[in-house]
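As structure tokens, the structure follows; a few thoughts come after it.
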Amino acid sequence: MNLVYLDYNATTPVEPQVLDAMLPYFSADFANASSIHTPGQRARAAVETAREQVAALIGARPQEIVFTSGGTESDNHAIFGVIAESVGQALPPVAFSSLADSPLAKPHIITTTIEHEAVLNACQALEKQGVSLTYLPVDREGIVDSESVRVAIRPETALITIMHANNELGAVQPLEEIGRIAKEHKIYFHTDAVQSAGKIPIDVNDVNVDLLSLSGHKLYAPKGAGALYVRSGTHLRQLLYGGHHQRGFRPGTENVGGIVGLGKAAEIARPSLASDAKHVSALRDKLERGLLERVPQIRVNGALAPRTPNTTNVMFAGIEGEALVIALDLKGLACSVGAACSSGAVEPSHVLTAIGLSQEEAKSSLRFSLGRHTAESEIDFALRVIPEAVAQLRALSPTYLRAPSNV
Amino acid sequence: MSVTAEFDTLPTREETQRGLVAIAMSGGVDSSTVAAVLQEQGHPIVGLTMQLWNQRRLPELQGDGPKQHRCCSLDDVYDAKRVAQHLNFPHYVVNFEEQFEQRVVRPFVDQYLAGRTPIACTNCNTNVKFEPLLRMARQIGAERLATGHYARIRKNEQTARWELLRARDESKDQSYFLWGLSQEQLSRSEFPLGELNKEEVRALARRTNLPVAEKPESMELCFVPSGNYVQFIQAYSRDAGISLSQNEGDIVTEDGAVVGHHNGVHNFTIGQRKGLGFAAGKPLYVLSIDPENNRVVVGDDDSLRTTSFEVNCVNWVSIEPPSASIRATVKIRHKHEPAPAVVEALGDSQARITFDAPQRAITPGQGAVFYDGDRVLGGAWIR
């Protein structure tokens with residue numbers, strides 16, 4: 001039984017008002033939003049309201065919002081969609097390299113080494129098909145240098161895809177400058193905003209993005225609902241083939257309940273962004289300060305970067321992160337070693353090694369991510385059990401050196 | 001073999017009676033039943049399933065069709081999780097792939113390539129299950145680690161030593177694979193099935209409605225699900241960049257006459273008769289393997305029987321290291337009936353064992369375990 005949940009970057013609970021808004025669409029208003037009849041029209045109206053709500057959260061126009069199944073689909077759609085269109089191919093793409101030898105037929109993508117797997121693995125899949133990739137490094141705090149984006153641009157660069165906030169560190173990337181550079185060079189710019197939407201403000205026009213991914217379950221809406229912002233005029237190939245739902249961009253009967261939930265969650269998030277951030281960052285800072293005071297030989301990874309207010313990533317010297325997560329879970333505190341998607345993997349986090357941590361240090365690092373409903377008493381609880389668990393692990397650690405120095 | 005874990009700061013078994021017990025859960029019926037038994041006894045429990053080996057790593061060994069109950073298959077992890085859900089206790093999958101490869105798989109392959117016939121299970125027990133897994137169990141707050149082994153542990157109050165005993169069910173006894181455990185490891189281990197026989201375990205599994213109650217037993221070495229070691233060694237060596245060139249050689253008789261050729265010493269084990277690749281007038285067996293000269297020596301059944309051999313890495317279990325020679329019954333492979341012998345220590349970690357009567361196929365790489373009745377006095381590797 002867990003008492004305290006500090007893993008909101010993995011997922012969030014559905015907000016009660018969100019659930020209330022959704023419920024009618026599973027029973028009374030169950031109709032297909034594409035049907036002509038009145039029940040269908042009611043479902044359609046709900047979907048369109050949600051589209052307006054999501055658009056408002058990111059400063060977009062409603063017709064620029066495509067509902068998807070979540071962040072992974074949105075990222076894949078943006079990346080494969082832009083590249084397939086740029087070479088005039090249908091998806092799933094065949095080997096580009098087999099098509100032509102002209103460099104323009106082999107598009108180029110610029111991304112970073114700290115992207116989520118949904119972006120990285122999509123890029124790697126394209127790389128195997130002959131697309132060339134530039135993976136920009138980040139500094140020790142987890143931030144990419146926007147000038148390095150400019151330097152990486154080639155005539156055949158078709159897409160820049162750089163996340164807004166990193167899921168493990170919370171590091172917020174300089175999207176405005178990158179967006180300006182992308183616009184100057186007339187290159188499509190996609191951002192994975194799954195970890196920032198609903199946490200910090202983002203306006204698609206301020207940052208000049210053409211494509212933006214967001215996910216419902218990271219902002220108190222249900223799993224299985226997400227959105228892709230597609231700036232008007234963007235040439236994007238569809239990922240799925242089917243009916244004419246969502247103007248053909250994304251066929252498949254709309255997940256009305258989920259979409260309504262996403263809209264409602266976006267509506268709730270927008271006016272409370274500032275107050276949520278203030279509340280959550282105060283608690284996050286208290287957690288960090290408290291840990292630094294109580295536990296020797298720890299370090300906050302990427303502490304100097306601009307970060308999402310809810311995230312902290314802490315390296316505990318001499319600890320197996322996996323064992324610490326289990327020990328804490330048994331004490332009633334839920335947190336994680338990096339991304340939930342890579343649990344059980346042997347490899348240390350690619351994000352932490354990208355900011356210069358050794359494999360050992362990366363495996364010793366835990367992520368604590370707070371949420372809108374995190375209470376101060378929960379942070380007090382965490383500050384009690386984490387030092388306890390760390391001491392318990394270090395007492396039996398074959399690698400922990402009881403040196404008095406700070407790391 | 002050295003066990004260097006630091007077990008000096010937390011309370012020992014005597015100090016905490018009803019503390020949290022971790023269970024090493026493979027997803028099979030035995031370790032699942034351990035969970036049911038301990039829970040019925042009122043212990044708080046936590047399940048740990050080790051991810052040890054990635055079967056996708058050597059895809060050429062996958063074979064056709066889904067093969068059930070491989071080591072670390074998702075099915076087994078899923079089964080362990082179902083049992084934990086059924087009995088309602090916490091369960092975690094923990095990754096020990098790196099340690100398993102370094103301490104079990106790689107030595108297994110190296111030994112085969114050196115002409116020996118290793119036992120991976122003993123290494124896994126001594127160096128993975130009762131070392132990093134036990135350490136992790138203790139790090140997460142468990143005082144002891146319970147496993148589904150068929151063997152017994154008891155404290156001898158006179159000698160103050162932890163003793164390892166054979167299982168009550170002779171046919172299931174696994175004490176042969178546990179001789180490497182230190183006193184520290186034994187003091188923190190628990191084998192709840194040691195007093196039970198296979199039927200009783202199945203009955204318990206059924207009575208507690210375990211979802212794995214009818215699951216068949218797995219007999220093969222966990223990371224070689226096909227049972228084909230040669231194929232595994234070849235595939236692993238290729239993957240790990242171990243050169244298998246230079247592997248062709250001669251098969252010779254004891255007096256050096258070449259009677260055939262072979263494709264690598266890892267294809268052979270002492271006492272093997274089949275697969276020598278040639279026909280002889282009388283039955284011939286592998287007598288010894290000489291990896292230096294890449295030769296396999298064959299001879300008749302009589303030559304296969306020997307009386308005396310040396311062992312290394314001696315570990316004394318139920319008794320203090322003896323100062324003089326002792327008499328014991330010695331078991332030289334899993335299916336061997338222990339035979340009377342004298343064990344004579346030669347320095348710290350070596351010994352000479354002399355059977356009263358010659359034994360067949362004493363095989364380098366296998367364990368020699370010294371018993372006094374049910375008690376495991378100690379064990380060692382056959383040189």
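Whose amide H sits under 5 Å from the amide H of residue A:136, counting only residues 5 or more places off or on another chain, with H placed in the peptide plane? Under 5 Å from the amide H of residue A:136 lie the amide H atoms of A:111, A:112, A:113, each far enough along the sequence or on another chain. Database remark: amide H of residue A:225 closer than 5 angstrom to the amide H of A:216, A:217 (H placed geometrically; neighbours at sequence offset of 5 or more, or on other chains; Pro and chain starts carry no H).
Across chain B, Cα-Cα pairs farther apart than 37 Å form 24% of the total.
Taken about its Cα centre, chain A carries a charge dipole of roughly 280 debye when the Cβ of each Lys and Arg holds +1 and the Cβ of each Asp and Glu holds -1.
Judged by the gyration tensor of its Cα atoms, with axes a ≥ b ≥ c, chain A is oblate; a/c meets the 1.5 cut and b/c is at least as large as a/b. The alpha-carbon of residue A:286 sits under 18 angstrom from the alpha-carbons of these aspartates and glutamates, leaving out residues fewer than 8 places away in its chain: A:7, A:276, A:376, A:378, A:380, A:388. Amide H to amide H, with H built 1.01 Å from N, residue B:23 comes under 5 Å of B:46, B:47, B:48, B:146, counting only residues 5 or more places away or on other chains.
Exposure proxy check: A:220, B:78 ranked by fewest other beta carbons within 10 Å? Please list the in-between numbers first.
Details: A:220 27, B:78 13.
Ascending number of Cβ neighbours within 10 Å: B:78, A:220.
Legend: mean number of C-beta atoms from other chains within 10 angstrom of residue C-beta atoms, peptide B:137-149, equals 3. Bridging of residue A:183 to aspartates and glutamates at a Cα separation below 13 Å is possible for A:206, A:210, once same-chain residues fewer than 8 apart are set aside.
Report the residue, chosen from B:115, B:271, B:256, that carries the largest GNM mean-square fluctuation when chain B is represented by alpha-carbon nodes joined by springs under 10 Å. For chain B, modelled as a Gaussian network with Cα springs under 10 Å, the answer is B:256. Taking a ≥ b ≥ c as the square roots of the Cα gyration tensor eigenvalues, with a/c under 1.5 meaning rounded and otherwise prolate when a/b beats b/c, else oblate, which class fits the stretch B:211-324? It comes out oblate by the Cα gyration axes.
Within 10 Å, count the other beta carbons around each residue, average over each peptide in A:175-182, B:353-360, A:163-170, and list them highest first. List each step's numbers first, then the result.
On the way: A:175-182: 21.1, B:353-360: 15.8, A:163-170: 28.1.
Those peptides, ordered most packed to least, come out A:163-170, A:175-182, B:353-360.
The count of lysine pairs in chain B whose Cα atoms are under 25 Å apart, excluding pairs fewer than 8 places apart on the same chain, comes to 28. Our coupling estimate for the stretch A:249-257, obtained by passing each phi through the Karplus curve with A = 6.51, B = -1.76, C = 1.60 and θ = phi - 60°, is 5, 8, x, x, 3, 5, 7, 4, x Hz, Gly and Pro reported as x. Rounded to the nearest 500, the 222 nm mean residue ellipticity of the protein assembly as shown from helices alone is -9000 deg cm²/dmol, with -39,500 (n - 2.57) taken per DSSP H run of at least 4 residues.
With +1 on each Lys and Arg Cβ and -1 on each Asp and Glu Cβ, how big is the dipole of chain B about its Cα centre, in debye rounded to the nearest 20? Write out the running numbers ahead of the final one.
On the way: 42 positive and 48 negative charges, 146 e Å.
Rounded to the nearest 20 debye, it is 700 debye.
Counting beta carbons within 10 Å around each of B:222, B:124, A:335 and listing the fewest first gives the order B:222, A:335, B:124.
Averaging Cα coordinates gives a centre for the stretch B:149-171 and one for the stretch A:227-295; these two points are 59 Å apart. Sequentially through the stretch A:188-193, phi angles give Karplus couplings (6.51, -1.76, 1.60; θ = phi - 60°) of 4, 10, 10, 10, 8, 9 Hz, Gly and Pro residues having no value and appearing as x.
According to the square roots a ≥ b ≥ c of the eigenvalues of the Cα gyration tensor, what is the shape class of the stretch B:107-189, taking rounded for a/c under 1.5, prolate for a/b larger than b/c otherwise, and oblate for the remainder? Each step should come with its number before you reach the end.
Values: a/c = 2.05, a/b = 1.35, b/c = 1.53.
Because a/c hits 1.5 or more and a/b fails to exceed b/c, the stretch B:107-189 counts as oblate.
In sequence order, the stretch B:162-167 has phi-based couplings of 7, 10, 10, 10, 4, 5 Hz under the Karplus curve 6.51 cos²θ - 1.76 cosθ + 1.60, θ = phi - 60°, and Gly or Pro positions carry x. Dipole size of the stretch B:245-299 about its Cα centre, with +1 on Lys/Arg Cβ and -1 on Asp/Glu Cβ: approximately 320 debye, rounded to the nearest 20.
None of the figures in this text is laboratory data; all of them are computed from the coordinates on show. The structure displayed is predicted, hence computed values, not measured ones. Note that we place each Cβ from the backbone using ideal geometry, even for glycine, and neighbour counts take in every protein chain shown.
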